[in-house]
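Rule-based calculations on the coordinates, nothing more; no lab input. Keep in mind that what you see is a predicted model, and the values were worked out from it rather than measured. For neighbour counting, all protein chains shown are included, and Cβ atoms are generated from backbone atoms with ideal geometry for every residue, glycine included.
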């Protein structure tokens, strides 16, 4: 919840944000329900995130189609990727299954990695939202190299070595 509150503090009226699938991004959606915003656009591939935001008057919700992965309540695949082609976003909030400070953000799900890579390409600012258990963890599919990440919001239990390495490589790290 602290990570979600820190993420919410970055959102301003009129922005277009992307909320990736994941438990942390769902917490951001819960926080958005109570936020004092007049109008924002939210793009999400996560059905649970969409359900949390579908009745929020200040949110214009955009859900690309795709193939459902039940374990994460998320849509991905070629249809979802094609739906993003002509869109632009101010900020992407990207969940992570793993974040290695030498390599980048990773997931074990190939289709989600491809969709996330498209989300990064259409976003001006990439914020990884992940608790400290995800740091120093590797997975099979690379979503983004460290150089593609602008900010990491994580908890204070994050390994100091990982935080220092990410900061050295230009990532702003916010510990909450």
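For the pair residue 70 and residue 150, what calculated FRET efficiency results from E = 1/(1 + (r/R0)^6), where r is the Cβ-Cβ distance and R0 = 25 Å, to the nearest 0.05?
Details: r = 31 Å, r/R0 = 1.25.
According to the calculation, E is roughly 0.20.
Take every Cα pair under 8 Å in the chain that's 6+ residues apart, average their separations, divide by the length, and report that relative contact order as a whole percent. Before the final figure, lay out the partial values.
On the way: 407 pairs, mean separation 34.7, N = 176.
The value is 20 percent.
Taking each DSSP H run with n ≥ 4 as -39500 (n - 2.57) and averaging over every residue of the chain yields -8500 deg cm²/dmol at 222 nm.
Let me make sure I get this right: for segment 44-90, a, b and c are the square roots of the gyration tensor eigenvalues over alpha carbons, sorted descending. Under 1.5 in a/c it's rounded, otherwise prolate if a/b > b/c, else oblate. Which is it?
It comes out oblate by the Cα gyration axes.
Checking (i) 14.9, 43; (ii) 17.5, 53; (iii) 16.9, 57 against Rg and Dmax of the Cα atoms in Å calculated from these atoms, the matching label is (i).
Segment 1-70 and segment 116-139 have Cα centres lying 16 Å from one another. Using R0 = 41 Å, the C-beta based FRET efficiency linking residue 79 and residue 176 works out to 0.70. Taking the chain as a Gaussian network of alpha-carbon nodes connected by springs under 10 Å, the highest mean-square fluctuation of the residues 73, 48, 116 belongs to 73. Working from Cα pairs under 8 Å separated by at least six residues, relative contact order for segment 1-86 is 25 percent.
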